[in-house]
Amino acid sequence: MTEITNKYADFEGLREQAIALRREGLSRRQIRDRLFVDNNDILNRLLEGEPAPEWTKRPNAKDDLRDKARELRLQGMTYDQIQVELRCSKSSISLWVRDLPKPVRSRTAVEQARLAGRMRWDHELAVRDAERQRIKHAAKQEIGALTERELFLIGVGLYWSEGSKDKSYDRRETVAFVNSDPGMITTYLAWLDLLGVNREQVRYGVMIHETADAAAAERYRADLTGADLAAFYKTTIKKHNPKTARKNTGDNYRGCLVIKVLQGADLYRRIEGWWCGIVDAAPSAG
């Protein structure tokens, strides 16, 4: 305490210097550093009654936004509502209107604040979704046209991910692919075409839960594959378990599609061989 008292013994002289610097346009921080004042209470007393320079009252933003924010605050708007209206940060709004009285929060105001918060959240979601779509579109453009070899390798990978496999304890050298995604299905069929598999050798089957529209799913899969319904096996109906909280419901749920190649044992052996070749070559790629 003695040290502080001695440091500011000539208070009036120090105040004259502080006021002179303030009138030159210096900020509180600049005055504090210039006069070596490290006590905020002392600095407040030194500058008491002296208005701040205009430049310190304005943040780095357009004056019209600041004036509009103050106008909206005087109308009783909350920070959330002003942010939605002006699309600016809460920190800037706080700087602009902190000297104004707070609005009285009526029940209607609370509901409006909730609505404003919801609108802000919806806006943020829309911005994120737009960015997601931008990235996906840019990535899509990176692919361009596929060569036959690229489609060939993609198809082998697709089959080995989603197709049936032969096991030493369960011999099943059959070519059967199961998936629900339309893109996967059309790509797989394009691969079969590349291999020279005649579509007359291909059979289809729908697997779907009993709570869904099986007939609509069959029509959708037939349109997707370009196949006649005569090429479809009898649909497999899955018994619904009410204890399971399934997400694959609604009009867009069309079950899974099974695609089988008749007399495909030789093709299966080649697929397995192709996959083994990819596995052996992958470590040295590039």
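Six or more apart or on different chains, Cβ under 7 Å: which pairs go from a residue in the stretch 125-151 that's touching a residue at least 24 places away in the same chain (Cβ under 8 Å) to one that's in a helix (DSSP H, G or I) and surrounded by 10 or more Cβ atoms within 10 Å (Cβ to Cβ)? Could you list them?
148/194; 151/190; 151/191; 151/194
I need the full set of residues from the stretch 184-210 which are in a helix (DSSP H, G or I) and of a type outside the set (Val, Ile, Thr), in order please.
Once the filter is applied, which keeps residues that are in a helix (DSSP H, G or I) and of a type outside the set (Val, Ile, Thr), the stretch 184-210 yields 184, 188, 189, 190, 191, 192, 193, 194, 199, 200, 201.
For residue 113, work out the one condition from (1) under 24 Å from residue 257 (Cβ atoms); (2) touching a Ser or Thr at 6+ places or on another chain (Cβ under 8 Å); (3) not acidic (Asp, Glu) it doesn't fulfil.
Unmet for residue 113, out of (1) under 24 Å from residue 257 (Cβ atoms); (2) touching a Ser or Thr at 6+ places or on another chain (Cβ under 8 Å); (3) not acidic (Asp, Glu): (1).
Search the stretch 222-238 for residues that are more than 12 Å from residue 259 (Cβ to Cβ) and surrounded by 15 or more Cβ atoms within 10 Å (Cβ to Cβ) and pair each with any residue that is modelled with pLDDT of 95 or more and hydroxyl-bearing (Ser, Thr, Tyr) when their beta-carbon atoms are under 9 Å apart and the residues are at least 6 apart or on different chains.
That search, which allows pairs on different chains as well, returns 222/204.
Is one or more of the residues making up the stretch 183-190 buried (at least 18 other Cβ atoms within 10 Å of the Cβ), more than 32 Å from the chain's Cα centre (by Cα) and not hydrophobic (A, V, I, L, M, F, W, C)?
Within the stretch 183-190, not a single residue is buried (at least 18 other Cβ atoms within 10 Å of the Cβ), more than 32 Å from the chain's Cα centre (by Cα) and not hydrophobic (A, V, I, L, M, F, W, C).
So is residue 177 part of a strand (DSSP E or B), at pLDDT 95 or above and aromatic (Phe, Trp, Tyr) or not?
Yes: the conditions hold for residue 177.
So which pairs qualify, if the first residue must be in the stretch 172-200 and under 19 Å from residue 255 (Cβ atoms), the second must be basic (Lys, Arg), the Cβ gap must be under 7 Å, and the two must be at least 6 apart or on different chains?
176/260
So that you can scan it fast, the table gives a plain yes or no per residue for (1) surrounded by 15 or more Cβ atoms within 10 Å (Cβ to Cβ); (2) at pLDDT below 80; (3) assigned to a helix (DSSP H, G or I); (4) under 24 Å from the mean Cα position of the chain (by Cα):
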residue	(1), (2), (3), (4)
84	yes, no, yes, yes
88	yes, no, no, yes
99	no, no, no, no
102	no, no, no, no
111	no, yes, yes, no
121	no, no, yes, yes
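For the stretch 209-244, give me each residue that is closer than 27 Å to residue 271 by Cβ and in contact with an Asp or Glu (Cβ under 9 Å, 6 or more places away or on another chain).
Once the filter is applied, which keeps residues that are closer than 27 Å to residue 271 by Cβ and in contact with an Asp or Glu (Cβ under 9 Å, 6 or more places away or on another chain), the stretch 209-244 yields 222, 231, 232, 235.
Please state which one of 234, 260 is part of a loop (DSSP other than H, G, I, E, B) and over 35 Å from the mean Cα position of the chain (by Cα).
Being part of a loop (DSSP other than H, G, I, E, B) and over 35 Å from the mean Cα position of the chain (by Cα) holds for just one of 234, 260, which is 234.
How many residues are part of a loop (DSSP other than H, G, I, E, B) and modelled with pLDDT of 85 or more when one looks only at the stretch 50-76?
Total meeting the criteria: 1.
Looking at (1) over 30 Å from residue 279 (Cβ atoms); (2) hydrophobic (A, V, I, L, M, F, W, C); (3) touching a helix residue (DSSP H, G or I) at 6+ places or on another chain (Cβ under 7 Å); (4) buried (at least 17 other Cβ atoms within 10 Å of the Cβ), which is the one condition that is false for residue 212?
Just one mismatch for residue 212, condition (3).
Please find, within the stretch 123-162, the residue that is surrounded by the most Cβ atoms within 10 Å (Cβ to Cβ) out of those that are aliphatic (A, V, I, L, M) and under 30 Å from residue 272 (Cβ atoms).
Filtering first and then ranking leaves 156.
Here's the yes/no breakdown for (1) in contact with a Leu (Cβ under 6 Å, 6 or more places away or on another chain); (2) in contact (Cβ under 8 Å) with a residue 12 or more places away in the chain; (3) over 19 Å from residue 233 (Cβ atoms); (4) of a type outside the set (S, T, N, Q):
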{"position": "253", "(1), (2), (3), (4)": "no, yes, yes, yes"}
{"position": "264", "(1), (2), (3), (4)": "no, yes, no, yes"}
{"position": "270", "(1), (2), (3), (4)": "no, no, yes, yes"}
{"position": "274", "(1), (2), (3), (4)": "no, yes, yes, yes"}
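The values are calculated or read from the model by the stated rules, or taken from the named source; none is laboratory data. Remember, predicted model here, so these are calculated numbers, not experimental data. Neighbour counts run over all protein chains shown; Cβ positions are idealised from the backbone, glycine included.
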